[in-house]
Each structure stands twice: as C-alpha cells, then as structure tokens.
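Below: the structure, in structure tokens.
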Amino acid sequence: MSRRPGGELASRPLHFIWIADSSGSMEQDGKIQALNTAIREAIPHMRKVAEDNPNAQVLVRAVKFSNGAQWHITQPTPVADFAWTDLAAEGETDMGKALQLVAEQLKMPPMSERALPPVLVLVSDGQPTDDFEAGLKALLDEPWGKKAVRIAISIGRDADAEVLQRFIGNSELKPLAANSPEALVRHIKWASTAVLKSASSPAAGADTPAPGAMPTTPVPIPTAAPAAGGVGAQAAAPAQGGGQPAADTDADNQKTIDDVW
C-alpha cells in the first residue's frame, strides 16, 4: 500500500453505488418507502464501518431507473457527508440503462488505478423493460465492472431472479429475497456493513497495483447474509468473479407469515 509523506498509510477510494429500481410497481404496497427507509437507516452503520477501516475512503452515490436511468446522487460523496434523498416511483424498469450509466463511471478515468474494487448493490421488484443484455455487457466490459463486488436484492415475488442472478455473475450465489420491509432492512444493512467491511479491509487492498495494472487479489466477502431469524454466519471467503457474497443460508425458506410483497 502506498504511504503519504511521513509514513502514514494512504487511504484508497472505495466506490459504493446503489442501483435502485424506482419504477411504477415500486409504489405498490409501500415498497419505495421501505427502500428509502432501509437505505437511510443503513447510513450510520456504513459510517461506523468506514471509521473502522481508515485504509479506505468510502464514497457513496446512487443511480435510479424507471423511464430511462439517471444519477439520483451524482457525486461520489464521502460516507461521513452522505445523506439520502427519497426516491419516488413511476414509469418503466430500464435496468439496462442504469448499468450503462454505472459502466461509464467505472472507466479509468474517472476511476483510479489505485482504487479498491467497487461495491454495486442492485435492488429491483420487476423485470427489465429495456436492453438488459447491452447494459450488463457494458458493465462487465469495464475491468472495474468485472472486478466489482456485485450484490442483488429482489423485492417481492415479481422480481426477475434470473436477471439478478446474471448481474451477480456466480451461479452458486443467489439474490437476496426481500418479501417484507423488515427483510429489506436486513438485506440493505448487510450489504452496506458486512460486505462494505470486507471490501474496505486491509486484505482487500493488500495488492496495491503497479501503474497501469488492476488489483488481482479476490475480495474476501462474507459467505452468508442475515437470515430471517437474525444475523447469519459472517465467515469470509475468497469470492469468485470479483467477490460476490452468498445469499441467505435459508434462501429457499425465506417466506414467513410477515410477508407483504
């Protein structure tokens, strides 16, 4: 790792990007309000993780997609200064355009060679209404897109699990299914704390790349997300394809009497 004058370790940027579905179906059953609440409640926990990992400078922003896609929070914002602006729901589900927007920002520049692998969290309750294939290809064609830690959270029963699985890029790992506001809060908190902690750990930045080179060490990511009854195992494991986490240990048994979606 590089050092500042005087020998102090220099922090490396870690970009954390929410990719949030704000289509019309998210208005149903309070899904968009639940997503806004879940992200807002996760922010203090993200700040604590960042404080405990001084080798990483955590920078947060967000993309929203409905009719097209736009940067909802445009500037990469230090997590200490990050504030969530509520999303509103309307329109289609142009997920492919959202991935293309993210891909543009993962080019070098604006990305730095000395950055840590970014964390991308995709949240959706439906099926893409545009060219998802083109968006995914654009993302994975960028070295930082392929290297990114990619998390997917499905909201309700109408989410396209196959599409979310392809975004993750590892057939052994599943999207996290949120069938209630409580489950969504758990999954959002896990993605923004346990995953962020691993991605910003000294191990993640152990191989400071040479000029013009990409880091090669896989990010050690927790192998289990929070289960319905509490927090699941948080053992870390080298991840495939850039380091995505496993879904709930009881992923096939996540439906409860509290399901509302």
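Would you please name the residue that is surrounded by the fewest Cβ atoms within 10 Å (Cβ to Cβ), looking only at residues in region 9-36 that are among the polar types (S, T, N, Q) and out of contact with any helix residue (DSSP H, G or I) (no Cβ under 7 Å at 6 or more places or on another chain)?
By that ranking, first place goes to 28.
Among the residues of region 141-194, which ones are closer than 26 Å to residue 48 by Cβ and basic (Lys, Arg)?
Answer for region 141-194, where residues must be closer than 26 Å to residue 48 by Cβ and basic (Lys, Arg): 147, 150, 186, 189.
When the residues of region 118-169 are filtered to those that are touching a His at 6+ places or on another chain (Cβ under 9 Å) and in a loop (DSSP other than H, G, I, E, B), which remaining residue is surrounded by the fewest Cβ atoms within 10 Å (Cβ to Cβ)?
118
List every residue pair whose Cβ atoms sit under 7 Å apart, with the two residues 6 or more apart in sequence or on different chains, where the first one lies in region 51-76 and is under 19 Å from residue 191 (Cβ atoms) and the second, anywhere, is outside any strand (DSSP E or B) and among the aromatic types (Phe, Trp, Tyr).
Note: pairs meeting the criteria are 60/82.
Out of 114, 186, I need the residue that is of a type in the set (Lys, Arg), without any contact (Cβ under 8 Å) to a residue 60 or more places away in the chain and open to solvent by 10 Å² or more (accessible area, probe 1.4 Å). Which one? Outline the logic, then answer.
On the way: 114 fails: without any contact (Cβ under 8 Å) to a residue 60 or more places away in the chain.
The unique qualifying residue is 186.
Which one of these is without any contact (Cβ under 8 Å) to a residue 24 or more places away in the chain and acidic (Asp, Glu): 133, 172, 162? Break it down into steps so the answer makes sense when it comes.
On the way: 133 fails: without any contact (Cβ under 8 Å) to a residue 24 or more places away in the chain; 172 fails: without any contact (Cβ under 8 Å) to a residue 24 or more places away in the chain.
It is 162.
Of the residues that make up region 77-98, is at least one touching a Leu at 6+ places or on another chain (Cβ under 6 Å) and surrounded by 15 or more Cβ atoms within 10 Å (Cβ to Cβ)?
no
Would you be able to say whether some residue in region 59-76 is open to solvent by 50 Å² or more (accessible area, probe 1.4 Å) and at pLDDT below 95?
No, that holds for no residue.
Can you tell me how many residues within region 37-55 are open to solvent by less than 30 Å² (accessible area, probe 1.4 Å), in contact with a strand residue (DSSP E or B) (Cβ under 9 Å, 6 or more places away or on another chain) and modelled with pLDDT of 95 or more?
The qualifying residues number 6.
Those residues that are under 16 Å from the mean Cα position of the chain (by Cα) and charged (D, E, K, R), I need them from region 148-163; list them, please.
If the condition is that a residue be under 16 Å from the mean Cα position of the chain (by Cα) and charged (D, E, K, R), then 150 is the only one that fits.
The values are calculated or read from the model by the stated rules, or taken from the named source; none is laboratory data. The structure displayed is predicted, hence computed values, not measured ones. All Cβ positions, even for glycine, are placed from backbone atoms using ideal geometry, and neighbour counts span all protein chains on display. Only protein heavy atoms, including side chains, enter the accessible area calculation; ligands, DNA and RNA are left aside. Shrake-Rupley method; radii C 1.70, N 1.55, O 1.52, S 1.80 Å.
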